[in-house]
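S.K.: Quick one: the structure is below, questions incoming.
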Amino acid sequence: MPELPDAETYKRYFDATSLYQPIREVDVNHDYVLGSEDGNELSADALADALHGQEFSTGRRHGKYLLSTLSDGRSFIMHFGMSGSLNYFKSDDDISKFDRVLFTFNNGYHLAFHCPRVLGNVYLYDSDEAFLSHKNIGPDVLRLGWEGFNEILAARRGMIKPTLMDQHIMAGIGNIYSDEILFQTRLHPETPANALDEAKRRELFDATQRVLNAAIDCDANPTKLPDDYLLPHRIDDEVCPSCGEPLTSKEVGGRTAYFCEREQERLEP
């Protein structure tokens with residue numbers, strides 16, 4: 001599932017290709033990706049009418065979301081689900097059946113919200129803040145800062161992996177990068193959050209910043225991360241890059257976690 005590094009990569013691509021261009025037409029080929037308009041159901045016609053003649057004037061990432069302010073001040077938001085991405089191109093021959101929303105600009109180019117598994121969504125709200133408030137999205141983890149991060153974790157008691165992944169607590173970390181962050185800090189994913197002292201929370205904060213920024217620098221391609229990271233080895237029958245022991249995969253908080261039983265300690269309160 002696209003996580004913060006993916007959304008940041010899409011945001012940079014969006015900024016480089018699609019800002020300040022009048023939108024001539026909007027085509028929706030699958031209504032299922034239409035999320036809401038200020039909390040109400042969004043229709044294909046309503047989206048097309050709202051965006052006709054508008055421009056994307058800014059791009060902003062918050063957690064896993066890409067938000068853009070339109071020239072009329074409203075906010076258009078994209079969430080990429082399991083398989084979403086963006087594609088900017090000119091030829092109609094390059095249009096895919098998986099382009100769920102297709103924007104055509106006055107210059108003849110297209111921007112496609114490409115989403116093969118139809119698990120992403122687009123939204124239209126009066127503002128970024130209205131959307132984030134309505135969805136109860138927590139602060140962006142890369143902009144949170146140490147004090148905010150520490151305060152949030154100090155108040156939690158659940159297992160650390162699901163805690164890191166809870167978008168209502170802090171936004172941006174998903175399944176695979178939570179595994180890497182916990183590997184970097186030698187923490188078992190089932191460690192209770194309240195078992196961490198302040199020094200360990202600081203270590204976790206530093207690893208979060210380091211891992212997410214490294215992934216952004218690699219264009220959100222985990223295979224390009226250093227070989228001593230977990231993610232290049234995060235598949236069945238692989239071994240720990242630190243000690244060579246087989247990795248364990250286990251459901252933790254409803255998601256499959258990969259970790260090293262030998263290297264990652266389960267702390268207790």
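The values are calculated or read from the model by the stated rules, or taken from the named source; none is laboratory data. Computed from a predicted structure; not experimentally measured. Cβ sites come from the backbone with ideal geometry, for glycine too, and all protein chains shown count toward neighbours. The area values use the complete protein model at the heavy-atom level, side chains included, leaving out ligands, DNA and RNA. Shrake-Rupley method; radii C 1.70, N 1.55, O 1.52, S 1.80 Å.
S.K.: Along the charge dipole of the range 128-269, pointing to its positive end and built from +1/-1 on Cβ of Lys, Arg, Asp and Glu, which listed residue (Leu230, Tyr258, Cys218) has its Cα farthest out?
M.R.: Among Leu230, Tyr258, Cys218, the one farthest towards the positive end of the dipole of the range 128-269 is Tyr258.
S.K.: Tell me, what is the FRET efficiency for Ser43 and Arg12 to the nearest 0.05, using R0 = 25 angstrom and their Cβ-Cβ distance as r? Don't skip to the end; give the middle numbers.
M.R.: Values: r = 31 Å, r/R0 = 1.22.
With R0 = 25 Å, the Cβ-Cβ based efficiency is 0.25.
S.K.: Normalised by the number of residues in the chain, what is the relative contact order in percent for Cα pairs under 8 Å and 6+ residues apart?
M.R.: Answer for the chain is 18 percent.
S.K.: Moving on to the next point. Taking the Cβ-Cβ separation of Glu265 and Lys90 as r and a Förster radius of 51 Å, what is the calculated FRET efficiency to the nearest 0.05? Write out the running numbers ahead of the final one.
M.R.: Working: r = 54 Å, r/R0 = 1.05.
Calculated transfer efficiency: 0.40.
S.K.: Still on this model: Hey, could you get me the Stokes-Einstein D for the range 190-235, Kirkwood radius over alpha-carbon pairs, 20 °C and 1.002 mPa s, rounded to whole µm² s⁻¹? Could the numbers behind the result be given before it?
M.R.: Working: Rh = 12.0 Å.
It comes out at roughly 179 µm²/s.
S.K.: Something else about it: Leaving out ligands, DNA and RNA, what percent of the accessible area of the range 222-269 is carbon and sulfur, probe 1.4 Å?
M.R.: Details: 1180 of 2940 Å².
Taking all protein chains in place, the range 222-269 shows 40 percent carbon and sulfur surface.
S.K.: So how strong a dipole does the chain carry about its Cα centre when Lys and Arg Cβ are +1 and Asp and Glu Cβ are -1, to the nearest 20 debye?
M.R.: 320 debye
S.K.: Also, quick follow-up: For the range 132-161 and the range 1-80, compute the distance between their C-alpha centroids and round to whole Å.
M.R.: Taking the Cα centre of the range 1-80 as reference, the centre of the range 132-161 is 25 Å away.
S.K.: Shifting gears a bit: Using only Cα atoms, figure out Rg for the range 137-269 and give it as a multiple of 2.2 N^0.38 Å. All intermediate terms of the calculation are to be shown ahead of the outcome.
M.R.: Values: Rg = 13.8 Å, N = 133, 2.2 N^0.38 = 14.1 Å.
Relative to the 2.2 N^0.38 Å estimate, the range 137-269 comes out at 0.98.
S.K.: Output the antiparallel fraction of DSSP beta bridges having both residues in the chain, as a percent to the nearest 5. Walk me through the numbers before you get to the answer.
M.R.: Details: 38 of 43 bridges.
Rounded to the nearest five, the antiparallel share is 90 percent.
S.K.: Averaged per residue, what accessible area in Å² does the chain show with a 1.4 Å probe, protein chains only?
M.R.: Working: 11860 Å² over 269 residues.
On a per-residue basis, 44 Å².
S.K.: Can you give the local net charge around Pro192? Use residues other than it whose beta-carbon is closer than 15 angstrom to its beta-carbon, Lys and Arg +1, Asp and Glu -1. Kindly include the intermediate steps, with their values, before the conclusion.
M.R.: On the way: positive: Arg156, Arg157, Lys161, Lys200, Arg201, Arg266; negative: Asp166, Glu190, Asp197, Glu265, Glu268.
My count for the surroundings of Pro192 gives +1.
S.K.: Report the label-to-label distance for Arg202 and Val239 in nanometres (one decimal), using points 7 Å from each Cα along the Cα→Cβ vector.
M.R.: 3.6 nm
S.K.: Could you tell me which residue out of Leu247, Pro5, His52 lies farthest along the dipole of the chain toward its positive end? Charges go on the beta carbon: Lys and Arg +1, Asp and Glu -1, centred on the Cα centre.
M.R.: Most positive-ward Cα: Leu247.
S.K.: While we're on this one: Average projected area of the Cα convex hull of the chain, in nm²? Mind dumping the intermediate values first?
M.R.: Working: hull surface 57.7 nm².
Its Cα hull, projected and averaged over all orientations, spans 14.4 nm².
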